[in-house]
Structures are given as structure tokens and as C-alpha cells.
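Single-structure report; data block below.
The values are calculated or read from the model by the stated rules, or taken from the named source; none is laboratory data. Note that the coordinates shown come from a computational prediction; the quantities given were computed from them, not determined experimentally. Cβ placement follows ideal geometry from the backbone for every residue including glycine, while neighbour counts extend to all protein chains displayed. These accessible areas exclude ligands, DNA and RNA; they are computed on the full protein's heavy atoms, side chains included. Shrake-Rupley method; radii C 1.70, N 1.55, O 1.52, S 1.80 Å.
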Amino acid sequence: PNTGEIYALVSYPSFDNNAYTPFPSMGREAGQALIAQYRTDERNPEVNRPTMGLYPLGSTMKTVSAAAAADSGVYALNQSYVCTGIWNRDITRYDWNNGHGRVTLASSLTQSCNPFYYETGYQLDLVDPYLLPNYMKRVGFGGPSGMTDLPEQTGFVPDPDWWRTTYGEQWRFSEAVNMAIGQGILQVTPLQTARWYSAIANGGTLPTPFLVAKHGLIGDELTTVPHPPGTPTEIRPEVLATIQEGICAVTTASYGTAEFVFRNSPLQSIGVCGKTGTAQTGGEGTMSHAWFASYAPRENPQVVVVAMVENSGEGSGVAAPIAAQVLEAYFGMTR
């Protein structure tokens with residue numbers, strides 16, 4: 001979160017990279033057969049998902065919506081809202097449970113209250129339809145991360161201009177409502193998500209990711225690779241502190257969406273801050289993408305872990321346990 005150094009990029013399903021060499025160890029014919037198999041596999045093993053996979057962000061997006069609302073002044077830091085479980089300014093929309101009662105900006109993140117963020121998207125759009133899309137771009141979505149070591153997708157953040165050009169129609173507030181909970185036609189990469197959660201962790205700077213720290217010939221002294229500095233988001237410190245409060249309670253508060261995952265983990269001794277996300281992908285019978293974006297320790301964060309599992313279910317049940325295992329391994333902890 002502080003340097004942009006990437007410790008691991010993991011993409012599954014994988015493939016045998018020996019098949020792609022000029023003289024494959026298994027023989028050229030067998031190598032070509034494997035490549036043909038990979039390229040017709042509907043799971044797309046050749047796609048490096050952390051940098052090239054494009055997905056809706058689901059509720060992991062709510063940190064961006066909270067930042068946009070509070071930093072712009074549309075919401076106060078102690079903004080409260082009574083979450084009844086239903087929101088119906090356009091169509092009738094429901095929460096993932098029967099409502100959370102009165103929530104604040106921080107506790108709305110901890111409990112992942114959908115109606116709070118339906119209303120947030122609506123209020124942001126009412127003030128300025130460009131507010132939420134522009135804040136998304138400001139925190140690193142819809143553009144390159146600056147990494148030069150691997151190809152990456154820039155993602156996509158819709159705005160009123162694109163909507164008008166593409167569809168010949170005026171932007172509707174419903175699009176901002178969808179975006180506020182990470183749904184609609186929004187597309188992001190896991191790497192972009194890791195950058196934004198790094199900024200939350202480090203106080204507001206988007207690090208420039210890199211894979212190579214030093215290089216040189218065997219036996220020679222290694223040369224440090226110069227890396228560009230991070231990009232300040234210029235989001236007010238008190239706004240980031242409120243977001244930190246909300247997502248750090250996700251793993252500790254009784255009402256946190258991932259508390260049950262971390263309840264018996266030794267990670268509780270250092271604190272894990274994170275946000276669950278369950279992103280609908282459309283199509284009847286199609287399971288949601290599961291997200292969990294996190295950092296640890298709570299004080300002086302050292303590492304950011306983003307887990308995203310395609311078409312697998314809920315973020316709390318699928319992605320959060322993976323992130324917990326990665327964090328436990330990183331800090332040398334066992335249950």
C-alpha cells in the first residue's frame with residue numbers, strides 16, 4: 001500500500017507456459033494442442049485476471065461512493081439514514097437483508113446497507129451527474145494504473161457524455177444509483193481495486209504498481225529500477241478516516257459482513273480492514289462474482305489483499321475466507 005510493490009498476482013485457471021516456448025518440452029505438436037485447448041476453454045485461462053479481467057465491483061464500490069459523498073460535501077461525515085430494506089425512487093429496490101435500521105456513513109460500510117447507497121447515488125446525481133463518475137476516475141478506475149511490467153485493461157466508468165453519445169439519450173439518475181453499489185455497466189480490474197484500497201490504507205495516495213524492483217546480469221551488482229511516485233487522490237483525511245472506521249469494523253463488529261470469517265483468526269491481534277462485495281453479472285441462474293478487498297494491519301498497514309472469484313456466490317462466504325488465508329500466511333499465523 002505504501003510503495004506499489006506487487007508481492008503476488010494470482011490467476012486461475014492456469015496453464016502450462018512450457019507449451020508457448022519455441023521448442024516446447026512436450027514436443028511442438030503437443031504444445032500446439034495444449035494452446036488450442038486453452039484458447040477454446042470457456043474459463044479463459046490465458047486471461048491474467050488481476051490486470052486484464054473486467055468485472056462489476058459490487059459492494060466493494062461503496063467505499064468510493066462514501067468518499068464521493070463525504071469529500072464533495074453532499075453528505076456530512078456523521079450522515080445518518082434509516083435503512084428499512086426498501087428503496088423506491090425509481091423501481092422498488094431491496095436490501096440484501098430486511099434492513100439495518102439507522103446507519104451512519106461508517107456503519108453503512110460495515111453492514112453494507114444497499115438502500116443507503118441507492119440514496120447516495122441519487123443525491124450525488126441530484127447535485128451533479130458527473131460527481132460519482134469523476135470520483136471513480138479520481139481514485140484510479142477507468143484508467144491505467146501506471147504499471148509498465150504487464151498489459152492491463154483500463155476498465156470502464158460510464159458518465160452522462162458517454163451515455164448521450166452511445167444511446168442518444170439523457171443520463172438517468174438510475175445509472176448513478178446502480179453505480180453507487182458497483183452494478184450496471186461499470187467495469188474494473190482487481191489491480192485497480194487494490195490501488196484504491198491502498199490509498200484508503202496509506203492516507204490517500206494511489207501507488208504506482210510494479211513487479212520488478214531490481215535487475216542485472218547474474219553476478220553483477222543489481223540496479224534499482226526507478227519507479228514513478230504515487231498519485232494523490234486529495235480526498236480529505238477525515239473522510240478517509242471515516243471510511244477506515246467503517247471497513248475496519250467489517251471483520252470485528254458483530255454486525256460486520258465478514259466478522260464470522262475472521263472471528264477465530266489470529267489476525268484479530270493486528271486488525272484487518274476490508275469490504276465484501278457480491279457483484280451480479282446478469283442472466284438467470286448466473287452466480288455473482290465474489291469480492292473481498294482488504295489491508296492489514298489496521299495501524300501502519302503493510303499489505304493489501306484483493307480476492308475476486310468469478311461466478312461463485314457471496315463475497316463474505318467465498319472471497320473473504322481466501323483473503324483471510326492469504327493474510328494469515330503473509331503474517332506467519334495459523335489457526
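List of remarks:
- So GLY230, is it within 25 Å of GLU5 (Cα to Cα), out of contact with any Lys or Arg (no Cβ under 7 Å at 6 or more places or on another chain), in contact (Cβ under 8 Å) with a residue 60 or more places away in the chain and surrounded by 14 or more Cβ atoms within 10 Å (Cβ to Cβ): yes
- When residues of region 44-102 are limited to those that are small (Gly, Ala, Ser) and part of a strand (DSSP E or B), the one farthest from THR242 (Cα to Cα): GLY101
- Residue count, region 278-335 (criterion: assigned to a loop (DSSP other than H, G, I, E, B), more than 22 Å from GLY203 (Cα to Cα) and in contact with a helix residue (DSSP H, G or I) (Cβ under 6 Å, 6 or more places away or on another chain)): 2
- Unique residue being in contact (Cβ under 8 Å) with a residue 60 or more places away in the chain and among the aromatic types (Phe, Trp, Tyr) when the list is TYR130, TYR135: TYR135
- Tabulated pairs, region 31-57, first of a type in the set (Phe, Trp, Tyr), second open to solvent by 30 Å² or more (accessible area, probe 1.4 Å), C-beta under 7 angstrom, 6+ apart or interchain: TYR38/PHE15; TYR38/GLU46; TYR55/GLN187; TYR55/MET308
- Residues that are out of contact with any helix residue (DSSP H, G or I) (no Cβ under 8 Å at 6 or more places or on another chain), among the charged types (D, E, K, R), farther than 30 Å from ARG89 by Cα and open to solvent by less than 20 Å² (accessible area, probe 1.4 Å) are absent from region 214-223.
- Scope region 233-271; condition in contact (Cβ under 8 Å) with a residue 12 or more places away in the chain, part of a helix (DSSP H, G or I), open to solvent by 10 Å² or more (accessible area, probe 1.4 Å) and under 23 Å from PRO207 (Cα atoms); matching residues: PRO237, GLU238, THR242, GLN244, GLU245
- Figure legend. Inter-residue proximity from region 160-183: first residues on the phi > 0 side of the Ramachandran plot, second residues buried (at least 19 other Cβ atoms within 10 Å of the Cβ) and of a type outside the set (A, V, I, L, M, F, W, C), beta-carbon distance below 7 Å, spacing 6+ or different chains. Indicated pairs: GLY182/PRO56; GLY182/GLY58; GLY182/SER59; GLY182/THR60; GLY182/GLY277.
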